[in-house]
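Since every read-out is calculated from the coordinates, none of them should be taken as a lab result. Quick caveat: nothing in here was measured; it's all calculated off a predicted structure. A quick note on method: Cβ atoms are made from the backbone with ideal geometry, for glycine too, and the neighbour counts reach across all protein chains shown.
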Amino acid sequence: MAMTLRLSDEENQRLDELAAAEGRSKQEVIRLAVAERWARHRKDERLAESLGRGLPRYRRLLDRLSAAEAAG
């Protein structure tokens, strides 16, 4: 799918420099940036889901540890 990306002069210059430094096309740099951002997003989602399942299970233990530390 084709798309048009509008960048400021400064953003375009940064993209030019990054592409040159990595020996990649500007298109490839952008595709990789999107893939990396998506991977981070999925990792964050999975962590949130895991915490959502795990925290309730250990809530009493965490509360007791917190109280012990405060009294400590």
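Between (1) 46, 16, 10; (2) 33, 10, 8; (3) 30, 15, 9, which matches semi-axes √(5λ) of the Cα gyration tensor in Å calculated for the structure shown? The value matching this structure is (1).
Calculated from DSSP H runs of 4 or more alone, at -39500 (n - 2.57) each and per residue, what is the 222 nm mean residue ellipticity of the chain, nearest 500? If you can, show how the numbers build up before the last one.
Details: 2 runs with 60 residues, N = 72.
It comes out at -30000 deg cm²/dmol, rounded to the nearest 500.
If R0 equals 30 Å, the separation of the Cβ atoms of K26 and S50 corresponds to a calculated FRET efficiency of about 0.25.
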